[in-house]
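Below is one structure; the comments refer to it alone.
The values are calculated or read from the model by the stated rules, or taken from the named source; none is laboratory data. Just so you know, these numbers come straight off a predicted model, no measurement behind them. Protein only, heavy atoms only, side chains kept; ligands, DNA and RNA dropped before computing areas. Shrake-Rupley method; radii C 1.70, N 1.55, O 1.52, S 1.80 Å.
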Amino acid sequence: MGIIAWILIGLLAGAIAKLLLPGKDPGGIIITMLIGIVGGLLGGWLGKVIFGVDSIDGFFDLSTWIAAIVGSLILLVLYRAVTGGRSSYRHA
């Protein structure tokens, strides 16, 4: 798959991960989209390393989407744990 396909999958996987883990994200929509893109790549890599399967067969394969969503969920949980719900603005 090309880089454009991975960006599209990552954006959609990030949105699905956000729907599965509702709540306020400290970084907003841009960070959530970036987490989705990186999470998609992470999910594909973990599928290969842990299970020995090629989880990035094609854009419309279920294994590709599951790997991308799981990777996005992992990164979103880690991001929320690291930032601890901090916001980017200060109260007076």
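Ranked from the most accessible area to the least, with a 1.4 Å probe and all protein chains present, what is the order of 72, 63? Walk me through the intermediate numbers first.
Numbers: 72 0, 63 50 Å².
Greatest to least solvent exposure: 63, 72.
Residue separation times 0.36 nm, minus the C-alpha to C-alpha distance between residue 82 and residue 5: what's the value?
On the way: separation 77, 0.36 × 77 = 27.72 nm, distance 2.89 nm.
Once the chain is fully extended between residue 82 and residue 5, it gains 24.8 nm.
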